[in-house]
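Everything below concerns the one structure shown next.
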Amino acid sequence: MKRYIIFVGGGIQEKNIIKVLKKHYKIILFDINKNCPCRKLANKFVNISAHDYPKIRNSLKKLKKYNPLCSITFSEHEFANTMLNNAFLKKKN
């Protein structure tokens, strides 16, 4: 069974890496642009701005069922990426 990876931003700069990762993982994509270049590559698309932290936080509850491995970004969205990784990579007690 393939694990999920979350990508924050689905612009042209992410297209090649998403194509490569899709061979081994399923992709959950966050992007404000409903017509972003990587939307068709995503297994699940979340239409949300990487700067809208309250909405990202709310969407985390829905995404937990996918048990994502990590979150990746190649842009200025580091805070959103950190927040997502912290939510999913916490050590379980």
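Observations, loosely collected:
- Accessible heavy-atom area order of Leu69, Leu41, Leu63, highest first, probe of 1.4 Å: Leu69, Leu41, Leu63
- Near the amide H of Tyr25, within less than 5 Å, lie no amide hydrogens of residues on another chain or at least 5 residues away, with H placed in the peptide plane.
- The stretch between Val20 and Asn35, if pulled fully straight at 0.36 nm per residue, gains 3.3 nm over its current Cα-Cα span.
- Viscosity 1.306 mPa s, temperature 10 °C, Stokes-Einstein D of region 1-63 from Kirkwood C-alpha radius, µm²/s: 135
- ³J(HN,Hα) computed for each position of region 5-17 - Karplus, 6.51 cos²θ - 1.76 cosθ + 1.60, integer Hz, glycine/proline x: 10, 9, 10, 9, x, x, x, 4, 5, 8, 4, 5, 5
The values are calculated or read from the model by the stated rules, or taken from the named source; none is laboratory data. For clarity, every value in this text was computed on a predicted model and none was experimentally measured. To get the accessible areas, we keep the full protein, side chains included, count just its heavy atoms, and leave off ligands, DNA and RNA. Shrake-Rupley method; radii C 1.70, N 1.55, O 1.52, S 1.80 Å.
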